[in-house]
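Please read the structure below before turning to the comments.
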Amino acid sequence: MVIRLLERQGIDVIAGIPGGANLPLYDALGRAGSIRHVLARHEQGAGFMAQGMARVTGRPAVFFATSGPGATNTLTAIADAKLDSVPVVCITGQVPLGLVGSDAFQEVDIYGMSIPVTKHNFLVRSVEELAEVIPAAFRIAASGRPGPVLVDIPKNVQMAPVDQAVFDNPPQPGQPAPPPAPDPAGISRAAGLLNAAKRPMLYLGGGVVASGASDMAVQLAERAGLPTVMTLMALGAMPAGHPLSLGMLGMHAARHTNLLLAECDVLLVAGARFDDRAVGKAERFCPQATIIHIDIDESELDKILPVHCGITGDVGLALAELLPLLRPRAEAGREAWLTRVEECRRRHPFVMPGADDPRTPYGLIRCAADAVDHDAIVATDVGQHQMRTAQA
């Protein structure tokens, strides 16, 4: 039943590790033969494999783990998916229901442990629930602000007989709920603030990429003449060579990027969560700016910084509605500001030592970049090399 429901969701690759409490799932996976399994060496790795697939496709991806230590090993990948808003579904095996709470062999309350780091989680208590739970997991993972969902299935539920009629006629695949429409009054107010601005800037976060709104963001920046900064998650939303692109903001950014943010008078923030690596000390971030914040997750508005105009909704829809309301660059009187931007860039250029020498870190990254096309997907580990990659 589980494998059939996953097939109906379009899942064709699953990463994971078998163990005693999820062997029935693996038996079914082997018999089905329609889903490729990637055997990980650690459950955390399986979780990051699923994250990679989800980040590339924009659709939920799946990974398997057994109970106890297998399940606890998934928590780092699940927490990372929560923070970066990546839709993944983790399916874990659990000891039989009758043993839950008895400290049985390899029993851990992964349902309780995962509550802080999941968007939602399920402990399946009967085989009848599976037909509802699996589609619901995919719907929740992909709806609104994406995120991880955990489904914990006790071994006795995995081995229970399922009604043939239900098996032959499973429910429809879980689809994401329609995104909330942005408030027209908020869009109108944001347009008024931007049209009156003398030194406006655009700040793009990962939500722009997740909503497929990168092209719309570039159109908006070009129409209104908005110098644009990006978080690490948003890099690539605007091409690095675009004349309005100031690259990444924050502690690993070019000096001119942060200096210009301190001078801007209106900041349009789209799909970002004001991460501390981007804004530094919140009380000193953009001290002169009126802040407009668009995010699909209402809880992000006013969470880190007080905003003057908060808009809840899909970033792509909001930018599309905002675009025709903005005065074109030629009418907005932005030439003095854009001249200041270019002057600041010249005075405080970002220096990459050895960028022309492939034996140096920056040179190696640039050499690799020259070898791939503009549609390449770049993956890094975490550390100084990650920041150099983002900078280069």
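The values are calculated or read from the model by the stated rules, or taken from the named source; none is laboratory data. Note that this is a predicted model, so its numbers are computed, not measured. Glycine also receives a Cβ, built like all others from the backbone with ideal geometry; neighbour counts cover every protein chain displayed. Ligands, DNA and RNA are excluded from the accessible area calculation, which covers all protein heavy atoms including side chains. Shrake-Rupley method; radii C 1.70, N 1.55, O 1.52, S 1.80 Å.
Residues in the stretch 12-20: is at least one in a loop (DSSP other than H, G, I, E, B), touching a Gly at 6+ places or on another chain (Cβ under 7 Å) and farther than 22 Å from GLY147 by Cβ?
Quick first cut of the stretch 12-20, residues in a loop (DSSP other than H, G, I, E, B) only: 12, 17-19.
Okay, now just the ones that are also touching a Gly at 6+ places or on another chain (Cβ under 7 Å), so 17, 19.
Then drop every residue that is not farther than 22 Å from GLY147 by Cβ, which leaves 17, 19.
Yes; the residues of the stretch 12-20 include at least one that is in a loop (DSSP other than H, G, I, E, B), touching a Gly at 6+ places or on another chain (Cβ under 7 Å) and farther than 22 Å from GLY147 by Cβ.
Go through (1) open to solvent by 20 Å² or more (accessible area, probe 1.4 Å); (2) more than 18 Å from the chain's Cα centre (by Cα) one by one and return the number of the condition MET201 breaks.
Condition not satisfied by MET201: (1).
Collect the residues in the stretch 115-152 that are in contact (Cβ under 8 Å) with a residue 40 or more places away in the chain and either among the charged types (D, E, K, R) or in a helix (DSSP H, G or I) (or both), keeping them in residue-number order.
Our first condition is that a residue be in contact (Cβ under 8 Å) with a residue 40 or more places away in the chain; within the stretch 115-152, this holds for 117-118, 127, 130-131, 134-135, 137-138, 141-142, 144-152.
Result: VAL117, VAL127, LEU130, ALA131, ILE134, PRO135, ALA137, PHE138, ALA141, ALA142, ARG145, ASP152.
Which condition number does PRO176 fail, the rest of (1) open to solvent by 10 Å² or more (accessible area, probe 1.4 Å); (2) closer than 21 Å to GLY20 by Cα being met?
(2)
Could you tell me whether any residue of the stretch 271-279 is acidic (Asp, Glu), touching a residue at least 24 places away in the same chain (Cβ under 8 Å), touching a strand residue (DSSP E or B) at 6+ places or on another chain (Cβ under 9 Å) and part of a loop (DSSP other than H, G, I, E, B)?
No; the residues of the stretch 271-279 include none that is acidic (Asp, Glu), touching a residue at least 24 places away in the same chain (Cβ under 8 Å), touching a strand residue (DSSP E or B) at 6+ places or on another chain (Cβ under 9 Å) and part of a loop (DSSP other than H, G, I, E, B).
I'm trying to understand the selection: among the residues of the stretch 290-303, which are assigned to a loop (DSSP other than H, G, I, E, B) and touching a helix residue (DSSP H, G or I) at 6+ places or on another chain (Cβ under 8 Å)? Walk me through how you get there before you give the answer.
Residues of the stretch 290-303 assigned to a loop (DSSP other than H, G, I, E, B): 296-297, 301-303.
Result: ILE296, single match.
Return the pair list, or none, for Cβ contacts closer than 6 Å from residues in the stretch 27-49 that are more than 17 Å from VAL382 (Cα to Cα) to residues that are of a type outside the set (A, V, I, L, M, F, W, C) and in a helix (DSSP H, G or I), at least 6 apart or on different chains.
The qualifying pairs are SER34/GLU7; GLU43/GLY70.
Do any residues in the stretch 229-249 that are open to solvent by less than 30 Å² (accessible area, probe 1.4 Å) have Cβ atoms under 9 Å from those of residues that are aromatic (Phe, Trp, Tyr) and outside any loop (DSSP other than H, G, I, E, B), where the two are at least six apart or on different chains, and which pairs are they?
So the pair list comes out as VAL229/TYR203; MET230/TYR203; THR231/TYR203; ALA234/TYR203; LEU249/TYR203.
Could you count how many residues in the stretch 21-54 are assigned to a helix (DSSP H, G or I) and under 25 Å from the mean Cα position of the chain (by Cα)?
Step one: of the stretch 21-54, the residues assigned to a helix (DSSP H, G or I) are 21-32, 43-54.
Within this subset, residues satisfying the condition of being under 25 Å from the mean Cα position of the chain (by Cα) are 43-54.
So the answer is 12.
Within the stretch 75-114, can you find the residues that are assigned to a loop (DSSP other than H, G, I, E, B) and either among the aromatic types (Phe, Trp, Tyr) or in contact with a Phe, Trp or Tyr (Cβ under 6 Å, 6 or more places away or on another chain) (or both)?
Taking the stretch 75-114 as the starting set, the residues that turn out to be assigned to a loop (DSSP other than H, G, I, E, B) are 84-87, 95-96, 100-109.
Matches in the stretch 75-114: PHE105 only.
Taking the stated definitions as given, is PHE285 within 22 Å of PRO180 (Cα to Cα), at pLDDT below 95, open to solvent by less than 30 Å² (accessible area, probe 1.4 Å) and touching a Leu at 6+ places or on another chain (Cβ under 9 Å)?
Working: within 22 Å of PRO180 (Cα to Cα): no; at pLDDT below 95: yes; open to solvent by less than 30 Å² (accessible area, probe 1.4 Å): yes; touching a Leu at 6+ places or on another chain (Cβ under 9 Å): yes.
Here the answer is no, as PHE285 does not meet what is asked.
Anything in the stretch 306-327 that is open to solvent by 10 Å² or more (accessible area, probe 1.4 Å) and assigned to a loop (DSSP other than H, G, I, E, B)? List them, or say none. Break it down into steps so the answer makes sense when it comes.
Residues of the stretch 306-327 that are open to solvent by 10 Å² or more (accessible area, probe 1.4 Å), as a first pass: 306-308, 310, 312, 314, 316-317, 320-321, 323-325, 327.
The answer is PRO306, VAL307, HIS308, ASP314, ARG327.
With the requirement that a residue be touching a residue at least 40 places away in the same chain (Cβ under 8 Å), open to solvent by less than 50 Å² (accessible area, probe 1.4 Å) and either of a type in the set (Ser, Thr, Tyr) or assigned to a helix (DSSP H, G or I) (or both), what does the stretch 1-11 give you?
VAL2, LEU5, LEU6, listed by residue number.
Residue by residue through the stretch 292-305, note down the ones that are in contact with a strand residue (DSSP E or B) (Cβ under 9 Å, 6 or more places away or on another chain), aliphatic (A, V, I, L, M) and surrounded by fewer than 20 Cβ atoms within 10 Å (Cβ to Cβ).
Quick first cut of the stretch 292-305, residues in contact with a strand residue (DSSP E or B) (Cβ under 9 Å, 6 or more places away or on another chain) only: 292-298, 300-302, 305.
Still in the list and also aliphatic (A, V, I, L, M): 292, 294, 296, 301, 305.
LEU301, LEU305, listed by residue number.
Filter the stretch 354-392 for residues that are of a type outside the set (Gly, Ala, Ser), part of a loop (DSSP other than H, G, I, E, B) and more than 19 Å from the chain's Cα centre (by Cα) and give the result. Steps first, answer last, please.
Taking the stretch 354-392 first, the residues of a type outside the set (Gly, Ala, Ser) are 356-362, 364-367, 370, 372-375, 377-378, 380-382, 384-389, 391.
Then keep just the ones that are part of a loop (DSSP other than H, G, I, E, B); that gives 356-360, 372-375, 377-378, 380-382.
Within the stretch 354-392, ASP356, ASP357, PRO358, ARG359, THR360, VAL372, ASP373, HIS374 meet the criteria.
Tally up the residues in the stretch 161-199 that are more than 30 Å from LEU6 (Cα to Cα) and assigned to a helix (DSSP H, G or I), please.
13
Could you tell me how many of the residues in the stretch 85-121 are open to solvent by 20 Å² or more (accessible area, probe 1.4 Å) and among the β-branched types (Val, Ile, Thr)?
The number of residues fulfilling the criteria is 4.
Got at least one residue in the stretch 346-353 being farther than 30 Å from ALA142 by Cα and touching a helix residue (DSSP H, G or I) at 6+ places or on another chain (Cβ under 6 Å)?
The initial filter retains those residues of the stretch 346-353 that are farther than 30 Å from ALA142 by Cα, namely 346-353.
The next check asks that each one be touching a helix residue (DSSP H, G or I) at 6+ places or on another chain (Cβ under 6 Å); those that pass are 348, 352.
Yes, some residue in the stretch 346-353 is farther than 30 Å from ALA142 by Cα and touching a helix residue (DSSP H, G or I) at 6+ places or on another chain (Cβ under 6 Å).
Looking at the stretch 36-84, which of the residues that are polar (S, T, N, Q) and at pLDDT 95 or above is surrounded by the most Cβ atoms within 10 Å (Cβ to Cβ)? First the steps, then the outcome.
Start the filter on the stretch 36-84 by keeping residues that are polar (S, T, N, Q), which leaves 44, 51, 57, 66-67, 72-74, 76.
Those left that are additionally at pLDDT 95 or above: 44, 51, 66-67, 72-74, 76.
Numbers: GLN44: 19, GLN51: 22, THR66: 24, SER67: 25, THR72: 17, ASN73: 19, THR74: 29, THR76: 15.
For the stretch 36-84, the residue satisfying everything is THR74.
So MET238 passes all but one of these: (1) outside any strand (DSSP E or B); (2) closer than 21 Å to ALA190 by Cβ; (3) over 19 Å from the mean Cα position of the chain (by Cα). Which condition number does it fail?
For MET238, the exception is condition (3).
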